[in-house]
Amino acid sequence: MNIDHCFYFGFVLKPIGFEGQFAVKADTDNIDSYKGLKVIYIDFNDTLTPFFITSSKIIDDSTIWFKAEGLNEANDLTELMKKNVYLPLELLPPLEGKKFYFHEIVGFRVHDKIHGDIGIVKDVISIPQQNILQVMHNYTEILIPLHGEILEEIDRTNKILKINAPEGLIDLYLK
């Protein structure tokens with residue numbers, strides 16, 4: 001499995017007991033969506049290794065215990081500690097309305113209310129203060145803060161983001 005076809009799910013927290021179970025701290029809003037996983041992928045130096053799950057148990061809103069084939073005692077888990085866990089993108093629950101996954105909108109065209117078509121989404125940059133839409137207009141990079149007032153609509157069918165950028169923002173980049 002290639003990391004580009006996966007999303008970050010969480011990390012291996014600690015072993016549980018002495019029979020090869022381990023806890024994963026999940027980075028998700030709805031851990032119940034991941035009941036019954038058959039396989040998880042653990043990152044070992046940028047190589048995703050599959051672990052086939054034989055049992056799982058949701059402990060709380062962000063912790064799930066796993067038992068995987070071939071892991072039969074606590075010593076088998078030493079290399080897993082603090083490693084990142086990934087799942088295939090197709091396991092992400094679909095979002096609607098103005099909610100989206102960052103990877104989902106890469107390649108979408110961006111239409112501003114005033115300027116019309118301003119370019120294509122190259123990436124979403126996540127910084128502590130806010131998320132920033134990185135749009136390429138020919139060879140010019142346009143950075144647009146992403147929050148509720150700017151993002152007006154996501155047209156998933158036509159792959160278009162409709163925005164209402166603050167007055168003068170787009171002009172800063174295009175003039």
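The values are calculated or read from the model by the stated rules, or taken from the named source; none is laboratory data. Keep in mind that this is a model prediction, so the values were computed, not measured. Cβ: placed from backbone, ideal geometry, glycine included. Neighbour counts: every protein chain shown.
Odds and ends about this structure:
- Leading residue by the ranking (modelled with the lowest pLDDT) among those in segment 15-26 that are surrounded by 14 or more Cβ atoms within 10 Å (Cβ to Cβ) and within 22 Å of N72 (Cβ to Cβ): G20
- Scope segment 73-95; condition out of contact with any helix residue (DSSP H, G or I) (no Cβ under 8 Å at 6 or more places or on another chain) and at pLDDT 85 or above; matching residues: L77, T78, E79, L80, M81, K82, K83, N84, V85, E90, L92
- Of all residues in segment 138-151, none that is touching a residue at least 12 places away in the same chain (Cβ under 8 Å) has its Cβ atom under 8 Å from the Cβ atom of a residue that is assigned to a loop (DSSP other than H, G, I, E, B) and among the hydroxyl-bearing types (S, T, Y), 6 or more apart or on another chain.
- For segment 27-40, the criterion of being in a strand (DSSP E or B), at pLDDT below 95 and either out of contact with any Leu (no Cβ under 8 Å at 6 or more places or on another chain) or surrounded by 14 or more Cβ atoms within 10 Å (Cβ to Cβ) (or both) is met by no residue.
- Subset of segment 105-125 [touching a residue at least 24 places away in the same chain (Cβ under 8 Å) and closer than 14 Å to D155 by Cα]: I105, G107, F108, R109, V110, H111, D112, V121
- Residues of segment 91-136 classified as among the aromatic types (F, W, Y) and in a strand (DSSP E or B), total: 0
- In summary, K175 fulfils each of the numbered conditions (1) among the basic types (K, R); (2) closer than 17 Å to G107 by Cβ; (3) surrounded by fewer than 10 Cβ atoms within 10 Å (Cβ to Cβ) with the single exception of condition (2).
- Yes/no for E96 being among the charged types (D, E, K, R), closer than 22 Å to D32 by Cα and either surrounded by fewer than 13 Cβ atoms within 10 Å (Cβ to Cβ) or out of contact with any Lys or Arg (no Cβ under 7 Å at 6 or more places or on another chain) (or both): yes
- Test for D112: is it at pLDDT 90 or above and in contact with a helix residue (DSSP H, G or I) (Cβ under 7 Å, 6 or more places away or on another chain): yes
- When residues of segment 21-72 are limited to those that are among the small types (G, A, S) and over 17 Å from the mean Cα position of the chain (by Cα), the one farthest from F7 (Cα to Cα): G70
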